[in-house]
Each structure stands twice: as C-alpha cells, then as structure tokens.
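A short write-up of the structure that comes next.
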Amino acid sequence: QELRNYIDHGAYPTEEAVFTRQLGFKTEMKTAALSEAEAKTYLGDLLWRIHRSVDGETFLNRALSLDPGLALAHQSLGTLRLRQNRYADARRHFRRAIEAGSQDYLAYYYYAFAIHREQVDESQYVSDLSEESVKEMRAALRFARRLNPDFADTYKLLAFINLIRGEDLDEAIDLINRAISLAPH
C-alpha cells in the first residue's frame, strides 16, 4: 500500500550530480537468458546479503538441486557459510565452485581463507598449519592473485602463511608491503 501511495502521488524527487571526470562505461552490452537455477542463485544471494539468510539459503539450495555443478551457487553458499563461521562447509562449497570452473578470484581467496579459519582455535590463535593445508592455500592464493593482482588480502594471507611456517620471511615482508601499497588503510 505504501508503494502504491508513493506511485499515485506522482512526484518523484531527483538529485543531480556532476562528476569531475567522465565515467567510463562499456559501450557494448550483452544479454543472456538465465536458467531457473541461475535465477534462484541470484535471488538467494541477494536475500542472504540483505540479512534474510534462511530465505537466501533456501533459494541457493533449490538452485543446487536444479544444477548441482553451478559454480555461482556454490560460491554464494560458501560465502554465507563463512559469515556463519561454518568453515568446513564453506571450504566444501568453494572447492565445488572451483571444480566447476569459477574464474572469480574471490572463490579462490575464500577457499584459502576457509582452510585457514578451520585451523584457528577458540582464542583466535594459529600455532601451525599442516603441510597439506599450506599447499592447498598457496595454490588457491596464487590463482586468486593471477585473476586479480590488486586484491590486498591475497598478499596478506600469503604473508601470514609464511610467518606461521617461519618460511620465506623476506618474501613475507615483500607480500605485506605489496598489501600495504594496495590498501594503505
């Protein structure tokens, strides 16, 4: 009813903004039809991001029941699981997204991050990282860095691995410096 009243009122406030430089847009736009699973994925992702986790999860699970290999649905559900501190589940979903061919650097970064968080104890302390987890994390982070070399958190996590392992400390310093140059804050 509130929306109907707003529309019936017929007055829509606007705001004008002047930019100091011209905005760049791709001049070519392509459209493509979404499958039912993809549509449910986008809706599920939107819902959990606006704090409707139960509804979002329902749509994401429906999407995966329609297309079990849908990378975007696994990535969204993995991100939700990270926010819920369910790291093993998050890891599993990110692995599925990667296996399905995701080319999103965040799928790889969050996969490594989930592995890392699984090894943090209740006091937020990491005493060691297993050889197997280090291997998986480094591989995922290298791929994330290739996909987006300007994402500071990738360098930060790589440096953290080196520091915890006591390996390649000079490289760890270079990685931290790179992260700081990308995100000085």
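The values are calculated or read from the model by the stated rules, or taken from the named source; none is laboratory data. These numbers come from a predicted model, not from an experiment. Using ideal geometry, Cβ is built from the backbone for each residue, glycine included, and neighbour counts are taken over all protein chains shown. Keep in mind that these areas ignore ligands, DNA and RNA; they rest on the heavy atoms of the full protein, side chains included. Shrake-Rupley method; radii C 1.70, N 1.55, O 1.52, S 1.80 Å.
Can you find even one residue in the stretch 31-38 that is over 30 Å from D121 (Cα atoms), exposed (fewer than 10 other Cβ atoms within 10 Å of the Cβ) and not small (G, A, S)? Scanning the stretch 31-38, I find at least one residue that is over 30 Å from D121 (Cα atoms), exposed (fewer than 10 other Cβ atoms within 10 Å of the Cβ) and not small (G, A, S), so the answer is yes. Return the residue satisfying two criteria in turn: it lies in the stretch 84-98 and is without any contact (Cβ under 8 Å) to a residue 24 or more places away in the chain and surrounded by fewer than 21 Cβ atoms within 10 Å (Cβ to Cβ), and of such residues it is nearest to M137 (Cα to Cα). This residue is R95. For the stretch 160-185, taking the residues that are of a type in the set (A, V, I, L, M) and under 18 Å from A114 (Cβ atoms), the one that is surrounded by the most Cβ atoms within 10 Å (Cβ to Cβ) is identified as I161. Only one of the listed residues (L72, L147) is in contact (Cβ under 8 Å) with a residue 12 or more places away in the chain, open to solvent by 40 Å² or more (accessible area, probe 1.4 Å) and touching a Phe, Trp or Tyr at 6+ places or on another chain (Cβ under 6 Å). That residue is L147. Scoring S133 on the criteria (1) at positive phi; (2) part of a helix (DSSP H, G or I) leaves a single failure, condition (1). Annotation for the stretch 77-97: at least one member residue is polar (S, T, N, Q), under 11 Å from the mean Cα position of the chain (by Cα) and within 19 Å of S53 (Cβ to Cβ). With respect to (1) assigned to a helix (DSSP H, G or I); (2) out of contact with any Ser or Thr (no Cβ under 6 Å at 6 or more places or on another chain); (3) at pLDDT 95 or above, the lone exception for P149 is condition (1). Y12 falls short on exactly one of the conditions (1) loosely packed, with under 14 Cβ neighbours inside 10 Å; (2) closer than 28 Å to A90 by Cβ; (3) not polar (S, T, N, Q), and that condition is (2).
If you filter the stretch 102-132 down to residues that are touching a helix residue (DSSP H, G or I) at 6+ places or on another chain (Cβ under 6 Å) and among the small types (G, A, S), you find that the one that is surrounded by the fewest Cβ atoms within 10 Å (Cβ to Cβ) is S102. Being charged (D, E, K, R) and over 30 Å from T41 (Cα atoms) is a condition met by at least one residue of the stretch 112-124.
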